[in-house]
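Take a look at the structure set out below.
The values are calculated or read from the model by the stated rules, or taken from the named source; none is laboratory data. All values derive from a computational prediction rather than experimental measurement. Glycine also receives a Cβ, built like all others from the backbone with ideal geometry; neighbour counts cover every protein chain displayed. To get the accessible areas, we keep the full protein, side chains included, count just its heavy atoms, and leave off ligands, DNA and RNA. Shrake-Rupley method; radii C 1.70, N 1.55, O 1.52, S 1.80 Å.
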Amino acid sequence: MRLHIQSDLPAGQFANKLLQIGDGKVPEDPSTGLIIMPCVQIVNSPDKLLSKVYPNIQENFKDQDRLSHRAILASRNDVVEKLNVTIQKQLPGQVYACMSIDCILNDDEAVQYLIKFFNSLQTPDL
């Protein structure tokens, strides 16, 4: 849309690259699962990638504007999960897991799910 509305050529190139990744046309490194793309800076490990994309994440993790201009694209969910865990370990505070559901339940199943969900919540000490 940016390409058409604002004549933003880089946005169009980025959109095309996303389509290529989604179509499986961009090769990935079999040992790391990282996508291999020509770029100005090349890194050879996930840790170095994270430090390039999110420098000083421990100090800048609350800066939404800064974070909204950065992204790491991954071709598979397992790669995303590994990167997320690595980033979360660098941040201060406790990690919380939020449960979700992607199917429709009958009434009995819904009640059991809600009981399990609420029992899994940890309440902070007041």
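Of everything in the range 35-53, what is at pLDDT below 80 and open to solvent by 50 Å² or more (accessible area, probe 1.4 Å)? Give them in sequence order.
Matches in the range 35-53: ILE36, MET37, PRO38, CYS39, VAL40, GLN41, ILE42, ASN44.
Scanning the range 89-102 for residues that are part of a helix (DSSP H, G or I) and open to solvent by 80 Å² or more (accessible area, probe 1.4 Å) yields a count of 1.
Taking the condition over 30 Å from SER120 (Cα atoms) and either at pLDDT 75 or above or within 16 Å of the chain's Cα centre (by Cα) (or both), does THR32 pass?
Criteria met by THR32.
Within the range 55-79, being under 25 Å from LEU19 (Cβ atoms) and assigned to a loop (DSSP other than H, G, I, E, B) holds for HIS69, ARG70, ALA71, ILE72, LEU73, ALA74, SER75, ARG76. HIS69 passes every criterion in (1) at pLDDT 75 or above; (2) surrounded by 12 or more Cβ atoms within 10 Å (Cβ to Cβ); (3) closer than 22 Å to ALA11 by Cα; (4) within 17 Å of the chain's Cα centre (by Cα) apart from (2).
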